[in-house]
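The values are calculated or read from the model by the stated rules, or taken from the named source; none is laboratory data. Since we're looking at a predicted model, the values are computed, not measured. We place every Cβ from the backbone using ideal geometry, glycine too, and count neighbours over all the protein chains shown.
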Amino acid sequence: MKERAPTLRSFAVAALVPLLEKLSLQLEDLRTEEDIECLHKARVSTRRLRASLSLFAPCFPSGEAKRWKKAVTRITALLGEARDLDVQMESVEEELRATGDRERPGLARLLLRLSRRREKLQRRICAALDGRDIREPLDEMLDGLREAVRKDILERDDSPSFALCADEIRAHVADVLSFDGFVRNPASIKELHDLRKAVKRLRYALEIFEPLSAGLLRPFIERLKALQDLLGEIHDCDVWLDFLPRFLEEEAARTLKYYGHVRVFPPLKTGILAFMEKKRTLRGEDFGCFLDEWGRLGKEAFWDNLNTAAETLRAYRGEEGADHS
């Protein structure tokens, strides 16, 4: 018996449903799990789901994928601040274990402030997870995808062709390369952060389409992950270098309000300034590593080779006509 070849729409549903089911379970775990990796995994799932909805938007009725993506974006934003605080707290705890006595008071105060913010945020997250704004859109999305299968929508002939996969990858590569004029300037903080997001979107697209590529996309995914990690390290340092001066100002104001003077503040300031200097040094080192890798990718014709590999998806036909009797 001959099976009908898979359509891009059927491939989209097969990719989206597991992501959605995994996210639903992870959000349930967030109510009880104390492991920060639980939140990280849920946040990654929302980002992968958003990327998939963007890629597969033409496969669904007009506006439906956009509405679903908007709902997932709300969840991503909710979890994002908490994840950022978790990462910051981990960094401070690591520094506390490695630092000397002079720096400890300031770092301990910093950790205290971050911990209190995180506790308040956890209460907000739990309240949101119990509300209708999170659960209902996810249920609606899952019902919509299952309904598409039940009503045999996937058997219609209007599913976009697999050429869309190659076009999407090419568009994401062009987006990444549009930052080439900024990357050699270490002061391009916003552009480097935007480049990181563009690299991440490209990587997610490759991971989603990788099952169609017979392994051709896998090496590109690994290199992009390494590039994304370098840009992530730079961004983390930039966040600290922006946050710590403001933290010092706010803490000085708190000290003055509580004691009526700031004579007890210098011991707190010592550790924060030392931590800030470490982040500034690390940022310079990470930026140098990033520039080296960016240069290597250009010399190796990485981007042209990726576009060539993506072209193999344009004519994907699955197993159309195969005899499975």
Original post:
Does LEU216 fit the bill of being touching a residue at least 12 places away in the same chain (Cβ under 8 Å), in a loop (DSSP other than H, G, I, E, B), hydrophobic (A, V, I, L, M, F, W, C) and within 30 Å of LEU8 (Cα to Cα)?
Top reply: yes
Original post:
Could we say that ARG102 is outside any helix (DSSP H, G or I) and either touching a residue at least 40 places away in the same chain (Cβ under 8 Å) or in the same structural domain as GLN228 (by TED's automatic domain parsing) (or both) here?
Top reply: yes
Original post:
Taking only pairs six or more apart or across chains, which ones have beta-carbon atoms under 6 Å, a first residue in segment 109-138 that is at pLDDT below 90, and a second residue that is hydroxyl-bearing (Ser, Thr, Tyr)?
Top reply: LEU138/SER24
Original post:
Out of the residues in segment 290-325 that are modelled with pLDDT under 95 and of a type in the set (Ser, Thr, Tyr), which is farthest from THR7 (Cα to Cα)?
Top reply: SER325
**OP:** Among the residues of segment 6-37, count how many are surrounded by 15 or more Cβ atoms within 10 Å (Cβ to Cβ) and assigned to a helix (DSSP H, G or I).
**Re:** 17
Original post:
Across segment 57-77, which residue is surrounded by the most Cβ atoms within 10 Å (Cβ to Cβ) among those that are hydroxyl-bearing (Ser, Thr, Tyr) and within 23 Å of the chain's Cα centre (by Cα)?
Top reply: THR76
**OP:** Evaluate segment 268-275: report whether one residue or more is hydroxyl-bearing (Ser, Thr, Tyr) and either within 23 Å of the chain's Cα centre (by Cα) or at pLDDT below 95 (or both).
**Re:** yes
